[in-house]
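Participant: Before anything else, here's the structure in question.
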Amino acid sequence: MKMIVGLGNPGPQYARNRHNIGFQVVDILAERHGISLSRAKFNALFGLGSITHARAPKGNRLLRADASGQRAALMRPLTFMNRCGSSVAPMARFYRVEPQDIFVIYDELDLPSGKLRLRPFGGSGGHNGMKSLIQMLGTDRFPRARVGIGRPRAPMRPADYVLQNFSVDEEITFESLRPRIADAVETWLFHGIDLAMNRFNSASLNTSESDKTGVE
């Protein structure tokens with residue numbers, strides 16, 4: 001089984017925050033594949049189910065998925081961002097999921113807003129949620145989607161900026177970006193991180209479809 005973890009803060013007041021992009025994408029995957037996030041355990045809401053396809057450009061046989069599907073857990077930790085590892089690690093141990101089979105989606109201040117960067121492993125980059133995950137899992141060798149939200153202009157503090165909702169202009173971009181991130185997760189599930197990076201690590205959301213196959 002695979003685990004797909006979206007990072008964020010629990011509670012309706014945080015639902016549309018920049019910091020909650022991980023929750024937002026997990027919700028899309030849950031709706032897309034009919035997986036109910038109704039189980040409450042490990043200080044998380046999660047659901048188990050089968051993801052049965054990976055979306056692909058028409059005619060791209062390489063990206064067609066096995067019709068039998070992939071068993072997956074979709075998870076939203078309820079610990080608040082800074083302690084999310086204390087939720088994810090116990091669930092991974094219970095279901096015997098190895099770190100390389102845990103895909104994490106989170107916001108990234110150090111990427112321009114709307115830019116998506118998939119990575120097979122790496123450090124926290126100063127992100128407190130990722131610090132917690134790396135500490136509790138005992139490794140940084142797990143794949144992730146870093147979703148660029150950009151940095152605030154002075155004098156706003158990053159801690160305040162991430163807890164704001166997306167601006168009207170940003171929301172136009174992210175309305176299209178969220179399902180694209182879900183597509184990237186599906187591609188990882190069926191075809192691995194290398195192919196997912198090759199397809200989705202584009203310069204920006206506005207990159208044309210013909211340019212989406214290059215790796216930076």
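This table checks each residue for (1) part of a loop (DSSP other than H, G, I, E, B); (2) of a type outside the set (A, V, I, L, M).
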| position | (1), (2) |
| --- | --- |
| Ala72 | no, no |
| Asn82 | no, yes |
| Val88 | no, no |
| Val97 | yes, no |
| Asp107 | no, yes |
| Leu111 | yes, no |
| Gly114 | yes, yes |
| Arg117 | no, yes |
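Participant: When the range 55-66 is examined, which residues are found to be of a type outside the set (Asp, Glu), modelled with pLDDT under 55 and assigned to a loop (DSSP other than H, G, I, E, B)?
Facilitator: Ala56, Pro57, Lys58, Gly59, Asn60, Arg64, Ala65
Participant: While we're here: Here's a check for you: in the range 95-116, which residue that is closer than 19 Å to Val147 by Cα and among the aliphatic types (A, V, I, L, M) is nearest to the chain's Cα centre (by Cα)?
Facilitator: Restricting to residues being closer than 19 Å to Val147 by Cα and among the aliphatic types (A, V, I, L, M), the top hit is Ile105.
Participant: I'd like the full set of residues that are part of a helix (DSSP H, G or I), within 18 Å of Thr79 (Cα to Cα) and over 14 Å from the mean Cα position of the chain (by Cα), limited to the range 9-54.
Facilitator: Pro12, Gln13, Tyr14, listed by residue number.
Participant: Look through Met136, Met156 and report the one residue that is buried (at least 16 other Cβ atoms within 10 Å of the Cβ), over 16 Å from the mean Cα position of the chain (by Cα) and at pLDDT 95 or above.
Facilitator: Met136
Participant: Now, a different point. Wholly within the range 144-201, which helices (runs of 4 or more DSSP H) include no fewer than the required count, namely at least 3 residues that are charged (D, E, K, R)?
Facilitator: 168-191
Participant: Would you please list the contacts, defined by Cβ atoms under 7 Å and residues six or more apart or on different chains, that run from a residue in the range 175-191 that is of a type in the set (D, E, K, R) to a residue that is in a helix (DSSP H, G or I)?
Facilitator: Correct list of pairs: Arg178/Gln24; Arg178/Val25; Arg178/Ile28.
Participant: Tell me, please, whether a residue that is closer than 23 Å to Phe80 by Cα, surrounded by 15 or more Cβ atoms within 10 Å (Cβ to Cβ) and over 13 Å from the mean Cα position of the chain (by Cα) can be found in the range 168-188.
Facilitator: Yes: one or more hits.
The values are calculated or read from the model by the stated rules, or taken from the named source; none is laboratory data. Since the model is a prediction, treat every value here as computed from it, not as a measurement. Cβ atoms come from the backbone with ideal geometry, glycine included; neighbour counts cover every protein chain shown.
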